[in-house]
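To start, the structure itself, in structure tokens.
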Amino acid sequence: MNMERKRKVCMFKMVVSSSAKMSKSGGSGGATTKDNAVVSSVINPWTGMPYSQSYYEILEKRKTLPVWQQKDEFLKALKANQCIILVGETGSGKTTQIPQFVLESVNAETPDGKRMMIACTQPRRVAAMSVSRRVAEEMDVKIGEEVGYTIRFEDCSSTSKTLLKYLTDGMLLREAMADPLLERYKVIILDEAHERTLATDVLFGLLKKVLRNRPDLKLVVMSATLEAEKFQGYFSGAYCMKVPGRLHPVEILYSEEPEKNYVEATIRTVVQIHMFEGPGDVLVFLTGEEEIEDVCRKIDKEIAKLGDQSGPVKVLPLYSTLPPAVQQKIFEPVSSGRKIVVSTNIAETSLTIDGIVYVIDPGFSKQKVYSPRGCVESLLVSPISKASACQRAGRAGRTRPGKCFRLYTEKSFHNHLEAQTCPEILRSNLANTVLTLKKLGIDDLVHFDLMDPPAPETVMRALEVLYSLGALDDEGNLTKLGEIMSEFPLDPQMSKMLIFSPGFHCSNEILSICSMLSVPNCFLRPREARKAADEAKAKFGHMDGDHITLLNVYHTYKKNDEDPVWCCQNFVNEKALKAADNVRQQLAQIMARFNLKLCSTDFKSGDYYINIRKALLAGYFMQVAHLESNTGHYSTVKDNQVVHLHPSSCLDHKPEWIVYHEYVLTSRNFIRTVTNICGDWLAEIMIALEKSGKKLGYGGLTLKDRKQTT
Ligand code: CDP
Ligand code: MG
């Protein structure tokens, strides 16, 4: 039996990573430097309270992080340069320590005692939340006070108190809309720059301009990979600093044959590691929430089958929509046995989990892809890049020598994986970005200095969409409507639908629908109770379609929000509903700012649902599909693509015309979240939009014109 299993283990081919290196482990080097008065005094200068015991305990750990050895060098460089690029291995302490060094340093110098504020961006919401909590703990302050975070629809910071704010890159971009020179900040840290998210790339361009106008502002760009030369070329004259890694050697083992099913191969490999490898925690990279939860359950089941002799395990999922308290569990050491973390890409560089010795890398992640022709953006499970594979392997060598099991062949690694992940800006729908840039006063998009400029076709597409929506006028300038649209943290179509909803007497309802569309899927469908879950969902179903079904769920939830078991009984994700409620409040505040009134049609009126469906069309008139009577298929009005109703739709018939919320590219072209509309409304709405649009200061386009331009 054991022999059989051993043979399977040997299916992996071993290659000792040439990039793995061993360097001295960090001592408490820079910890006792003279400018360290803040941490060695008994009173916490940020709160005026004595430090707690746990502060000192964490401090000892912090001092062993590699960045502490270069604290002096970093602070000297910060004084002498306006822009610094800091490159360091994941886990060297960049995200948690550098902002604290900066905070101490800039606040030590203020003669009038006025405290200076620092921003540190993160591409991921989870990282912003989790890291700021950790840093608040390290500084012995309460989260939301001196240290806070801001992510879309959630602000855990205080205007008067917060000095160090972690925020998503997208949120800093939004702040720039109201404060173009970002005057509230003294230092801005762009973290995880190697991820090259859309918002980070736009911030690069923006900050390059801001730095010229604000000689007192400093910028620190932090990255985990050695693309520093590219950054340095872009931010000409920036000071570049490298934090030597503390990586132990990592053995790379490849599958000998391509795996048919990477999920099964993953589970098999976890079990084999648990049976035949020495102690040490395991980190598994998978692509999304559902897959992760499924694999966690299967691992538990397989390991339970092994009986007691194999030792206990703790299997923990990690993905972005997990509640913070559950996320925190992955950082806690397990008292006995082995920890197995099954994570999305978050654990690749954003979050460092200590104690990982084994990494399983199936070679995939969910990535955004964009086709400018159909203006379609989709999340697809795609092969990762070589750079990502190396980052993943590196997670195994943090504490001691480790092993990385790549569930693909060595040949495949060399021949099929791209060197780097393509920057997000080159694979995104840019409508929202262009709207933000216009609002920021950047009209000349062609000459806006981006590290990797997108294809002109993609920019043209974005301009076209914004023009059709009435956000831009004939000259390409932002209209009054465009200005209001840019204030909503939503896609332009959704902002437009919301802004026009009072005109259709249903802004209350549209507001609820927008909120439900802005949070994760609210329908739970556990594998063991699929039938019951589907029956529960069917009770909310509305014959007109999924948008109204979502509205039904929200309304029923609000009626029952005192009932602690309602969500569970109805297979509704309570977390998602609570989030939707919060989103709704925030969107309502923005609406109030622009005097957009909240109103409803009388529920008894025959127009109640008609008005809602017309309002949907006001924003999403470009996302309409028509049932072709000869083929029985839907095809999109905009570009005649054949599409299929997503199986999750509650529609039990095929209406002639439907409006859809999103286009999902998987094995087939699906449209998801669809609602029945009336073909005549299209023309009617075009005329109405044109009329009201004129009042709001734009020309507008008729459907006919629009068809000719596309
Ligand atoms: O940014 P970088 O990857 O260089 O490192 P970091 O995120 O600052 O992490 C430094 C250390 O803090 C690691 O040893 C993490 O395990 C630890 N950490 C933690 O214990 N809890 C968190 N919520 C975040 C980080
Ligand atoms: Mg980091």
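The values are calculated or read from the model by the stated rules, or taken from the named source; none is laboratory data. Quantities reported herein were computed from a predicted structural model and do not represent experimental measurements. All Cβ positions, even for glycine, are placed from backbone atoms using ideal geometry, and neighbour counts span all protein chains on display. We work out accessible area using only protein heavy atoms, side chains counted, and drop any ligands, DNA or RNA first. Shrake-Rupley method; radii C 1.70, N 1.55, O 1.52, S 1.80 Å.
To the nearest 20 debye, what charge dipole does the chain have about its Cα centre, counting +1 at the Cβ of each Lys and Arg and -1 at the Cβ of each Asp and Glu?
Dipole about the Cα centre, nearest 20: 1100 debye.
Which order, highest average first, do 415-425, 571-581 follow once you tally other Cβ atoms within 10 Å for each residue and take the mean per peptide?
Ranked from most to least packed, the peptides come out as 571-581, 415-425.
Over the chain, how many percent of alpha carbon pairs lie in each 20 Å bin up to the one with the longest distance?
Pair shares across the bins are 16, 47, 33, 4, 0.
Applying a 10 Å radius around every beta-carbon, put 232-238, 680-686 in order of their mean neighbour count, most first. Don't skip to the answer; put the middle values down first.
On the way: 232-238: 14.4, 680-686: 16.0.
The packing order, highest mean first, is 680-686, 232-238.
Given Cα positions, please report Rg to Rh for region 385-444, the hydrodynamic radius being the Kirkwood one.
1.26
Sorted by accessible area (1.4 Å probe), largest first, how do Val642, Val282, Val315 line up?
Values: Val642 75, Val282 0, Val315 25 Å².
Order by accessible area, largest first: Val642, Val315, Val282.
For region 457-515, divide the Cα radius of gyration by the Kirkwood radius and give the resulting Rg/Rh value with two decimals.
Rounded to two decimals, Rg over Rh is 1.02.
What FRET efficiency comes out for Arg115 versus Thr666 if R0 is 51 angstrom and r is the Cβ-Cβ distance? Round to the nearest 0.05.
In this case the efficiency is close to 0.50.
How would Asp294, Asp561 line up by accessible area, probe 1.4 Å, largest first? Write down the numbers at each step before the final one.
Details: Asp294 20, Asp561 75 Å².
Greatest to least solvent exposure: Asp561, Asp294.
Mind jotting down the distance between the C-alpha centroids of region 658-687 and region 552-598, whole Å?
After rounding, the separation between the Cα centres reads 24 Å.
Over the Cα atoms, compute the radius of gyration (one decimal) and Dmax (the largest Cα-Cα distance, rounded to a whole number) for region 419-488, in Å.
In order Rg, Dmax, the Cα atoms of region 419-488 give 12.4, 44 Å.
Can you quote the Å³ per residue value for the convex hull of the Cα atoms in region 171-293, rounded to an integer?
Numbers: hull volume 24.3 nm³, N = 123.
Cα-based convex hull of region 171-293, divided per residue, equals 198 Å³.
Probe radius 1.4 Å, ligands and nucleic acids ignored: give me the carbon and sulfur share of the accessible area of the chain as a rounded percent.
Within the chain, the accessible surface is 53 percent carbon and sulfur.
Ranked from the most accessible area to the least, with a 1.4 Å probe and all protein chains present, what is the order of Leu211, Leu426, Leu463?
On the way: Leu211 20, Leu426 75, Leu463 45 Å².
Heavy-atom accessible area, descending, gives Leu426, Leu463, Leu211.
Express in nm, to one decimal, how much length is gained between Thr47 and Glu277 on full extension, taking 0.36 nm for each residue of separation and deducting their alpha carbon distance.
So the extension gain works out to 78.1 nm.
For region 350-423, what value does the Rg/Rh ratio take when both radii are computed over Cα atoms and Rh is the Kirkwood radius, given to two decimals?
Details: Rg = 14.6 Å, Rh = 13.7 Å.
With Rh from the inverse mean 1/r over Cα pairs, Rg/Rh is 1.06.
So how much accessible area does Arg124 have, in Å² to the nearest 10, using a 1.4 Å probe?
It works out to around 50 Å².
Could you point to the residue in Pro655, Ala683, Gly619 farthest towards the positive end of region 595-685's charge dipole, with +1 and -1 charges on the Cβ of Lys/Arg and Asp/Glu respectively?
Gly619
Which three extents, in whole angstrom, do the alpha-carbon atoms of region 402-531 cover along their principal axes, largest first?
For region 402-531, the Cα extents along the three principal axes come out at 59, 53, 24 Å.
Based on DSSP, what percent of beta bridges with both residues in the chain are antiparallel, to the nearest 5?
So the antiparallel bridges in the chain amount to around 40 percent.
So what is the diffusion coefficient of region 38-103 in µm² per second by Stokes-Einstein at 37 °C and 0.692 mPa s, using a Kirkwood Rh over Cα pairs?
Numbers: Rh = 13.2 Å.
The diffusion coefficient I find is 248 µm²/s.
Compute, for Arg297, the solvent-accessible surface of its heavy atoms (probe 1.4 Å) with the complete set of protein chains present, and express it in square angstrom to the nearest 10.
110 Å²
By how many nm would the segment from Ser336 to Ala538 grow when fully extended, if each residue of separation counts as 0.36 nm and the alpha-carbon distance is taken off? Before the final figure, lay out the partial values.
On the way: separation 202, 0.36 × 202 = 72.72 nm, distance 4.46 nm.
Gain in length upon complete extension: 68.3 nm.
Just the projected area, averaged over all directions, of the convex hull on the alpha carbon atoms of region 563-698: how many nm²? Intermediate values should be presented prior to the final figure.
Values: hull surface 47.1 nm².
Computing the convex hull of the Cα atoms and averaging its projections yields 11.8 nm².
Taking the Cα centre of each part, how many Å lie between region 358-412 and region 616-638?
36 Å
Pop a pseudo-label 7 angstrom from the Cα along the beta-carbon direction at both Leu379 and Lys260 and give the gap in nm to one decimal.
Taking the two extended label points, one gets 2.9 nm.
Going from the alpha-carbon gyration tensor of region 545-615, what semi-axes, largest first and in whole Å, does one get by taking the root of 5 times each eigenvalue?
On the way: eigenvalues 113, 65, 22 Å².
Over the Cα atoms of region 545-615, the ellipsoid semi-axes are 24, 18, 10 Å.
Taking a quarter of the surface of the convex hull around the Cα atoms of region 330-376, what do you get in nm²? Each step should come with its number before you reach the end.
On the way: hull surface 18.8 nm².
Averaging across all directions leaves 4.7 nm² for the Cα convex hull.
If I stretch the segment between Lys411 and Arg527 completely, what's the gain in nm (0.36 nm per residue apart, minus their alpha carbon distance), one decimal?
On the way: separation 116, 0.36 × 116 = 41.76 nm, distance 3.64 nm.
Stretched out fully, the Lys411 to Arg527 stretch lengthens by 38.1 nm.
Report, to two decimal places, the Cα Rg of region 255-384 normalised by 2.2 N^0.38 Å (N = number of residues).
Numbers: Rg = 15.8 Å, N = 130, 2.2 N^0.38 = 14.0 Å.
Normalised Rg, Cα atoms only: 1.13.
Not counting ligands, DNA or RNA, and with a 1.4 Å probe, what is Glu264's accessible surface area in Å² rounded to the nearest 10?
120 Å²
When only Cα pairs under 8 Å and 6 or more residues apart are kept, what is the percent relative contact order across the chain?
On the way: 1247 pairs, mean separation 76.3, N = 710.
11 percent.
Please list, in order along region 46-51, the HN-Hα scalar couplings obtained from phi with the Karplus expression 6.51 cos²θ - 1.76 cosθ + 1.60 (θ = phi - 60°), rounded to whole Hz, x for Gly and Pro.
So the J values, rounded to whole Hz, are 6, 10, x, 9, x, 5.
Can you give the Kirkwood hydrodynamic radius for region 171-232, in Å, rounded to one decimal and based on Cα pairs?
Its Kirkwood hydrodynamic radius stands at 12.1 Å.
Which FRET efficiency value, to the nearest 0.05, do you get for Lys76 and Lys559 by plugging their Cβ-Cβ distance into 1/(1 + (r/R0)^6) with R0 = 45 Å?
Values: r = 62 Å, r/R0 = 1.37.
It comes to 0.15.
In whole Å and largest first, what semi-axes does the C-alpha gyration tensor of region 294-451 yield when each eigenvalue is scaled by 5 and square-rooted?
Its equivalent ellipsoid spans semi-axes of 37, 19, 15 Å.
Between Asp639 and Ala178, what's the calculated FRET efficiency when r is the beta-carbon distance and R0 is 22 Å? Round to 0.05. Could the numbers behind the result be given before it?
On the way: r = 36 Å, r/R0 = 1.66.
It comes to 0.05.
Hey, what number do you get for the chain at 222 nm if only DSSP H runs of n ≥ 4 count, each worth -39500 (n - 2.57), divided across all residues, to the nearest 500?
Helix contribution divided over all residues of the chain: -12500 deg cm²/dmol.
Quick query: amide H of Ser365 versus all other amide H atoms, modeled in the peptide plane; which residues come in under 5 Å with a sequence gap of 5 or more or a different chain?
Ser382, Ile384
Quick one: of Lys76/Lys438; Lys71/Lys186; Lys94/Lys578; Lys298/Lys531; Lys76/Lys386, which pairs are farther than 27 Å apart, Cα to Cα?
Listed pairs above 27 Å: Lys76/Lys438; Lys94/Lys578; Lys76/Lys386.
How big is the gap, in Å, between the Cα center of region 270-313 and the Cα center of region 216-234?
38 Å
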